Amino acid sequence: AQSVTQPDIHITVSEGASLELRCNYSYGATPYLFWYVQSPGQGLQLLLKYFSGDTLVQGIKGFEAEFKRSQSSFNLRKPSVHWSDAAEYFCAVGTDNAGNMLTFGGGTRLMVKP
Amino acid sequence: KAGVTQTPRYLIKTRGQQVTLSCSPISGHRSVSWYQQTPGQGLQFLFEYFSETQRNKGNFPGRFSGRQFSNSRSEMNVSTLELGDSALYLCASQKQGRDTQYFGPGTRLTVL
C-alpha cells in the first residue's frame, strides 16, 4: 500500500522569503502526485499535479514542485511567500492499483510572518 | 462551470442518530469519492462511486455507507453516530481514470 509523509507539521516563514514543503511517498511504481491547499473551514484546492513527463511542474499561485524518483519525493516550492499563502498544505498520492483513492500526508501548516 | 457542492455545510447530531450528507459533482464527472478529515487521523478515504457502483472502499465500519444516483449525485450515510464521527466530510469528483479530483467545501458534522 502507498503512504505519504510530510515531515514538517508546522512551518513559519517571513513574507517574501522562499518556501519549500517536503513530501515523501512510498510506492513501488510511479505514482500520481498532488499538492492541495486548505484554508480554515474550506475544502481542498488543487495547487499542482504530476502524472508523467517533465518532473518539474508548475501550479497556481506561483507554486512549483519537483518529482524526484530517486528520493521518492515531491517537494513544493515558492520563491516568495505572500501573507495570503498561510494555510495547510497536503501532499497526496494516487496509483493505478488504488483506483481513484488518494492517500494524503498529514499536512503542513504554514504561517507567514509580516 | 460550477464546482462540487455539498449540503448541508454544517450539521449537529446526537449520539445514536443517523445522518445523510449530499454531494453534487461537477457536471460531466462520473466519479465521486468521499473522505473524512479529523485532527487526529487526518484525511482518510471512505469510498468511491462510479456509474452508481461502489468501486473502492476504505477501512471504515459498515455504519458508513453511500450511494450514487444516475445523475452522478452521491449521498453518504452514517448510522448510529458516535462522538468520534465528528469530522469534516469532503466529497471529490473527477471525470474518470487518471484525472484530478476536485473537492467540495465539505460538511462539518458535530456529534454531541
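The values are calculated or read from the model by the stated rules, or taken from the named source; none is laboratory data. Computed from a prediction, not measured in an experiment: that's the story for all the values here. Every residue, glycine as well, gets a Cβ built from its backbone with ideal geometry; the counts of neighbours run over all protein chains shown. Side chains included, ligands, DNA and RNA excluded: accessible areas come from the protein's heavy atoms. Shrake-Rupley method; radii C 1.70, N 1.55, O 1.52, S 1.80 Å.
Quick notes on this one:
- Extension reserve of the B:S70-B:E52 stretch, reckoned as 0.36 nm per residue once the Cα distance is removed: 5.8 nm
- Average accessible surface area per residue within chain A, 1.4 Å rolling probe, Å²: 46 Å²
- Chain-alone versus full-assembly comparison, the range A:16-44, residues with accessible loss of at least 30 Å² (1.4 Å probe): A:Y32, A:Y36, A:Q38, A:G41, A:G43, A:L44
- Relative contact order of chain A: 37 percent, from C-alpha pairs under 8 Å at least 6 residues apart in sequence.
- Accessible area that becomes buried as B packs against A, both chains, 1.4 Å probe, Å², nearest 100: 1600 Å²
- If R0 equals 45 Å, the separation of the Cβ atoms of A:E15 and B:S22 corresponds to a calculated FRET efficiency of about 0.70.
- Loop sites in the range B:1-46: trypsin sites (Lys or Arg not before Pro), DSSP, at most 14 other Cβ within 10 Å: B:K1, B:R9, B:R15
- Per residue, in Å², the accessible surface of chain B once ligands and nucleic acids are set aside, probe 1.4 Å: 47 Å²
- Between B:Q96 and A:T30, the FRET efficiency estimated from the beta carbon spacing at R0 = 22 angstrom works out to 0.65.
- 3J(HN,Hα) along the range B:99-112: 8, 6, 8, 9, 9, x, x, x, 10, 8, 9, 10, 10, 9 Hz, from the Karplus curve 6.51 cos²θ - 1.76 cosθ + 1.60 with θ = phi - 60°, whole Hz, x for Gly and Pro.
- Here the calculated FRET efficiency for A:S39 and B:T38, from their Cβ-Cβ distance with R0 = 22 Å, stands at 0.80, rounded to the nearest 0.05.
- In this simple spin-label approximation, B:S86 and A:L46 carry label points 7 Å from Cα along the Cα→Cβ vector, and these lie 3.4 nm apart.
- Residues whose amide H falls under 5 Å from that of B:R55, counting only those 5 or more places apart or on a different chain, are B:E48, B:Y49, B:F50, with hydrogens built in the peptide plane.
- Taking 0.36 nm per residue of sequence separation and removing the Cα-Cα distance, the B:R15/B:R30 pair yields an extension gain of 2.1 nm.
- Cα radius of gyration and Dmax for the protein assembly as shown (Å): 17.5, 51
- Burial of 50 Å² or greater, the range B:41-57 residues [accessible area, probe 1.4 Å, versus chain by itself]: B:L43
- Kirkwood Rh (inverse of mean 1/r, distinct Cα pairs), chain B, angstrom: 13.9 Å
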